[in-house]
1. Among the listed residues A:D123, A:D159, which satisfies the condition of being charged (D, E, K, R), out of contact with any Phe, Trp or Tyr (no Cβ under 6 Å at 6 or more places or on another chain) and either at positive phi or not assigned by TED's automatic domain parsing to the domain that holds A:A190 (or both)?
2. Does B:R177 satisfy the criteria of being of a type in the set (K, R) and more than 9 Å from chain A (Cβ to nearest Cβ)?
3. Any chance region A:19-35 includes a residue that's charged (D, E, K, R), at pLDDT below 50 and outside any helix (DSSP H, G or I)?
4. Looking only at residues that are at the interface with another protein chain (Cβ under 8 Å from one of its Cβ atoms) and among the small types (G, A, S) in region B:189-212, which one is surrounded by the most Cβ atoms within 10 Å (Cβ to Cβ)?
5. Could you list, in sequence order, the residues of region A:139-166 that are within 28 Å of A:P97 (Cβ to Cβ) and in contact with a Cys (Cβ under 9 Å, 6 or more places away or on another chain)?
6. If A:V264 passes every condition in (1) outside any helix (DSSP H, G or I); (2) at the interface with chain B (Cβ under 9 Å from one of its Cβ atoms); (3) of a type in the set (V, I, T) but one, which one does it miss?
7. Just a yes or no: is a residue in region B:154-171 among the polar types (S, T, N, Q) and touching a residue at least 60 places away in the same chain (Cβ under 8 Å)?
Amino acid sequence: MRDFFHRRGKFRPLVTDDDRPEQQIPEDLWTKCPGCQELLYSKELERNLHVCPKCDHHFRLRARDRIALLVDPASFAEWDIDVLPKDPLRFVDPSGPYDRKLAQTQSRSGEPEALITGGATIDGRRVGLAVCDFAFLGASMGSVFGEKLVRAIERCLADGVALVTVSSSGGARMHEGLFSLMQMAKTVAAFAQLGHERIPHIALLVDPCYGGVTASYATVADVIMAEPGALIGFAGPRVIEQITKQKLPAGFQTAEFLLEHGMVDLIVERSNLRPSLARLLDLYAPLHHQARVDGRSEAVAFATAGAEDRRD
Amino acid sequence: MTETMDTAGVEAGTSPLSRSAWDRVKLARHPDRPHTLDYVRELMTDFVELHGDRTFGDDRALIGGLAKFDGMTVMVIGHQKGGNTKENLARNFGMPRPEGYRKAVRLLHHAEKFAIPVVLLIDTPAADPGIGSEERGQATAIAESLLTMADLSVPSVAVVIGEGGSGGALAISVADRILMLENAVYAVASPEACAAILWKDSARAPEAAETMRITADDLYGFGIVDEIIPELIPASERPREAIATTGQVLRRHLHEVVTAFPPGSVASIGPLREARYRKFRRIGAWSDWQPDGIATDIFDPRSV
């Protein structure tokens, strides 16, 4: 019987679960926790890194807040702010042309695009950083997302610095058509280069992370971390329900579900993220140095092999 | 599934120039259109299908194996749809599960080990979106296939023969050459899914299909597809003709990449990977404000 009501998608309220966390009680003084329905004093919530002190629900963070949380104060230097989106398909849907939607989103979100990249230090360790801003069209991956990420990878490659990605996305951006899909290939190809140089890529998956981002660079990382309770998957839960006509099991696609099925390395509480990253970076640091020395000897071996080949 | 199986309503003899994107979607999904095994049977000899991912199972929606093509051994990997409902149920409508992509990765590594070039035939509505597929890591399976293809040490040529459905298609399309039949489509999402999300009504798929720019012509113009394989009469009506033309174009491209980057030569691996990286690295449409104040529009990768 419950199913009967569930399927009537058309008559569902327009406010979905996805929107609820943003729902604010008057004057932003109090915030209702979507996890336990408790009313929380907003200032206290902020002091607690936007994690519910009652039920540990991790609220979504904007990209700038995320960066502030992860890196040393004032250490972040942003890259490629001048790489801006275009409307290559002249895409139009009932909400209007894509280029107008972009302009509106830019002014509403205060960000030029969905991915913010830059260099920073984490407890003194240099890293490259690429962080999704879900408030910008669901941090969908379009051409600028892909280009900025690839430039960040290339910078890390040149400087021999580890890259930390923080992903939360609805997937590929439909408004840019196949250009968007191709960013999956482009970013993964760039990460293959980083892998050859043995420079670590640490991915943090946060709520919600789906589609083209989960199915590309985010899950080929050397270490995959997730925040507690984050929803992570390939297809969205509504799509799966519609197509399979099956009820989804409790806890489906949560970070804990992924850990249980072997898809992520570890779940890390928000308050513990920075020390965890610092520890990992330290563990890779000596190997990484070794790799750069080995890399040179490999290049020599490679050239010799090539010479032999030519003799044949 | 009923929506994605919509194939009715394309009249025979419709002028190719007047075909809408939606007409092409219907042609690409036509049940009589030749599928991967039809191409293998017509164009290749001595095919030995290799089954299974060695971990969980064998996915019949994504097949692969060794065969002789143009006088050499190739690894052929492709999505496999059925020709009727019974076959389609067995083939999961050409929608691979994680096992399919893991099999693809296994066969790609096999091709690398024996220095065999790879031919990929693309024809899927999407990767399977089921509960089991999520549990077994559909996203990771696709991502690892992307990585394996991007880093492959042997040359590869992909041909979109029917439906290029999103990540499920891309997973085995990161090739040195991407060819596409005239009436095939290749899209970031199915027009139905796009219409459901942006139009709030999947019945508006024909409009979505138009604005999504999913035809071979569009994608050739964007510099993503390297050559369009002409299909004067839709492949569903003249399958052998379409397969033969595909064979000619495929042979030429495979010959070119194999000559430029001979498989088995260690010296060609670096340049091959480098060329492939450059091919995908430049794809995108963005504007870039240089420090000297000159706006560079990077739009048509062909002009770069």
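The values are calculated or read from the model by the stated rules, or taken from the named source; none is laboratory data. Worth saying up front: this structure is predicted, and the values here are computed from it rather than measured. Neighbour counts are summed over all protein chains in view; Cβ atoms, including those assigned to glycine, are modelled from backbone coordinates with ideal geometry.
1. Checking each option against the conditions leaves just A:D123.
2. Working: of a type in the set (K, R): yes; more than 9 Å from chain A (Cβ to nearest Cβ): yes.
For B:R177, the condition - of a type in the set (K, R) and more than 9 Å from chain A (Cβ to nearest Cβ) - is met.
3. The answer is yes, given that some residue of region A:19-35 is charged (D, E, K, R), at pLDDT below 50 and outside any helix (DSSP H, G or I).
4. Applying the filter and picking the extreme gives B:A208.
5. A:A139, A:M141, A:F145
6. Unmet condition: (2).
7. Yes, because at least one residue in region B:154-171 is among the polar types (S, T, N, Q) and touching a residue at least 60 places away in the same chain (Cβ under 8 Å).
Residues checked against (1) within 30 Å of A:P286 (Cβ to Cβ); (2) in contact with a His (Cβ under 8 Å, 6 or more places away or on another chain):
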position: A:L89; (1), (2): no, yes
position: A:S95; (1), (2): no, no
position: A:A103; (1), (2): no, no
position: A:S107; (1), (2): no, no
position: A:E113; (1), (2): no, no
position: A:D123; (1), (2): yes, no
position: A:Q183; (1), (2): no, no
position: A:A190; (1), (2): yes, no
